[in-house]
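Okay, so here's the structure we're looking at.
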Amino acid sequence: MRAASFPRPDPAASFDAVLALPLGRLGVRCCAEAVVELMYLAAETPPVAPASALAREVAAQMAVYCRDPDHRFTLPLAPAGTAFQRRVWALMREIPRGARMTYGEAAGVLGSAARAVGGACGANPYAPVIPCHRIVARSGLGGFARSTDPAGALVGVKRWLLAHEGAWPGVGHG
């Protein structure tokens, strides 16, 4: 198996929490009033207890989601992305749990190109709260979090999320 393709965060950068979840490690960055970033991390990343009330709320809602794929996140998200990225992210939030849309279908809805949709998916700083995992390739999973390695750990997270939500073959996680 190939090495994991997780981004390597700057060691000087800190997270307000690192959550140990069934889907893997999730780094949480917050400001006083909003979530700034959620980042998938390598499995060996040590957990970090939430350092703020908002980070505790992220941890609580992620725990609920991992038990119940129908959970609807109600976290305040800091403004991010270009106007086009925000349109793609809004579309992702409209895809119901248990459903998928291809990059091409999303592009058709948005009057864009599939590659542009893929780029916006990869730039999503709020996965899985904004469910970019629900957009897949016409002939398979496609990439995830800017990784296209089908044997890689990040695509494995996408597979877990879709199976958890009942949208991909595999052992149910919900």
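The values are calculated or read from the model by the stated rules, or taken from the named source; none is laboratory data. The structure presented is a predicted model; accordingly, all values stated were derived computationally and were not measured. Positions of Cβ are backbone-derived with ideal geometry, glycine not excepted, and every protein chain shown enters the neighbour counts. For accessibility, only protein heavy atoms count, side chains too; no ligands or nucleic acids. Shrake-Rupley method; radii C 1.70, N 1.55, O 1.52, S 1.80 Å.
Consider a paramagnetic label point 7 Å from the Cα of residue 70 along Cα→Cβ; state which residues of region 98-117 have an amide N under 18 Å from it.
Correct set: 98-100.
Quick one: compute the contact order of region 33-79, relative version, from alpha carbon pairs under 8 angstrom and 6+ residues apart, as a percent.
The value is 58 percent.
Just to verify a number: what accessible area does residue 15 come out at with the full protein assembly present, 1.4 Å probe, Å² rounded to tens?
40 Å²
Summing Lys, Arg as +1 and Asp, Glu as -1, what charge do residues with Cβ under 14 Å from the Cβ of residue 38 carry, residue 38 excluded?
Taking every Cβ under 14 Å from that of residue 38, the sum is -1.
Note the full-extension length gain between residue 52 and residue 14 as 0.36 nm times their separation in residues minus their Cα-Cα distance, in nm to one decimal.
This chain segment gains 12.4 nm when fully extended.
Using a 1.4 Å probe and counting only protein heavy atoms, arrange 146, 56 so the residue with the most accessible area comes first.
Ranking 146, 56 by accessible area, largest first, yields 146, 56.
Using a 4.7 Å Cβ cut-off, which Cys residues in the chain lack a partner cysteine?
Isolated Cys, the chain: 30, 31, 66.
Taking only Cα atoms, what is the 0 to 90° angle, nearest 10, from helix 53-67's long axis to the longest principal axis of the chain?
50 degrees
Find the relative contact order for the chain and round it to a whole percent, using C-alpha pairs within less than 8 Å whose residues are 6+ positions apart.
For the chain, the relative contact order is 21 percent.
Kindly express, to the nearest 10 degrees and within the range 0 to 90, the angle between helix 153-164's C-alpha long axis and the longest C-alpha principal axis of the chain.
Value to nearest ten degrees: 80.
Ignoring everything but the protein chains, give the 1.4 Å probe accessible area of residue 52 in square angstrom, nearest 10.
That residue has around 40 Å² of solvent-accessible surface.
Rounded to the nearest 10 Å², what accessible area does residue 132 have for a 1.4 Å probe in the complete protein model?
Counting only protein heavy atoms, residue 132 exposes about 10 Å² to solvent.
May I ask you to compute the full-extension gain from residue 94 to residue 110, defined as 0.36 nm times their residue separation minus their alpha-carbon distance, rounded to one decimal in nm?
Computed gain between residue 94 and residue 110 is 4.5 nm.
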